[in-house]
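K.L.:
Before anything else, here's the structure in question.
The values are calculated or read from the model by the stated rules, or taken from the named source; none is laboratory data. These figures come from a predicted structure and were not determined experimentally. Quick reminder, even Gly has a Cβ in these numbers, built from the backbone with ideal geometry, and neighbours come from all protein chains shown.
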């Protein structure tokens, strides 16, 4: 009788262990699913673009938003790229890669544009990284270089705390503190709670569309397409 009782307890223990293992696997899988779902607002409200919005503006916004849920990682490593049109794996990248990929959808290759402008006007660009010449592998992936390029092209707009000044397609740069710069693109995804456009960016957890326009100190505001 005692042996039967012990046998029953052993079977129950095995069943409980199996249940715990299955539950544990499910709990470990849930964060990955949740992260992907959060890349875009679950019930998006889209702000209509102006009737005369250019094709390139539409392509820019579509190309930026399309990266959400595709680029799921962040890797600032130096990578040797093809030129022109070079890119790291679409599953990874940095904040500037969101901008670069979006502009390519609008037929503007910032890798080539920045590289050629830096070669011709090296003194106009920052030298904080110690590079003596232009480097087509990395220059366009640095926020300060993109800011300089947009400014030199006459695309700068005033920085303000008025949410209505920031329209879909605008490029915004921020100072995160500690010498860290960040960049993203304003979308036509609308924040119903804050009544302003949301931003597509990659700050470390992959490309996402979030309401972060005034989350950090804005250092640059640019409008390339109307």
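K.L.:
Residue check: is residue 159 under 19 Å from residue 149 (Cα atoms), touching a helix residue (DSSP H, G or I) at 6+ places or on another chain (Cβ under 9 Å), touching a residue at least 12 places away in the same chain (Cβ under 8 Å) and surrounded by fewer than 17 Cβ atoms within 10 Å (Cβ to Cβ)?
P.N.:
yes
K.L.:
Could you tell me which of the residues 53, 64, 68, 106 is at pLDDT 95 or above, within 15 Å of residue 225 (Cβ to Cβ) and in contact with a strand residue (DSSP E or B) (Cβ under 6 Å, 6 or more places away or on another chain)?
P.N.:
64
K.L.:
Given the conditions (1) loosely packed, with under 14 Cβ neighbours inside 10 Å; (2) over 17 Å from the mean Cα position of the chain (by Cα); (3) assigned to a loop (DSSP other than H, G, I, E, B), and given that residue 108 satisfies all but one, which numbered condition is not satisfied?
P.N.:
Status for residue 108: all satisfied but (1).
K.L.:
If you take the residues of the range 162-202 that are touching a helix residue (DSSP H, G or I) at 6+ places or on another chain (Cβ under 9 Å) and outside any strand (DSSP E or B), which of them is farthest from residue 61 (Cα to Cα)?
P.N.:
Looking at the filtered set, the residue picked out is 194.
K.L.:
Without any contact (Cβ under 8 Å) to a residue 12 or more places away in the chain, closer than 24 Å to residue 176 by Cβ and in a loop (DSSP other than H, G, I, E, B), is that true of residue 154?
P.N.:
Answer is no for this residue.
K.L.:
Check off (1) closer than 24 Å to residue 39 by Cα; (2) crowded, with 23+ Cβ neighbours inside 10 Å for residue 188 and give me the number that stays unchecked.
P.N.:
(2)
K.L.:
A further question on this structure: Could you tell me whether residue 212 is touching a strand residue (DSSP E or B) at 6+ places or on another chain (Cβ under 6 Å) and within 22 Å of residue 90 (Cα to Cα)?
P.N.:
no
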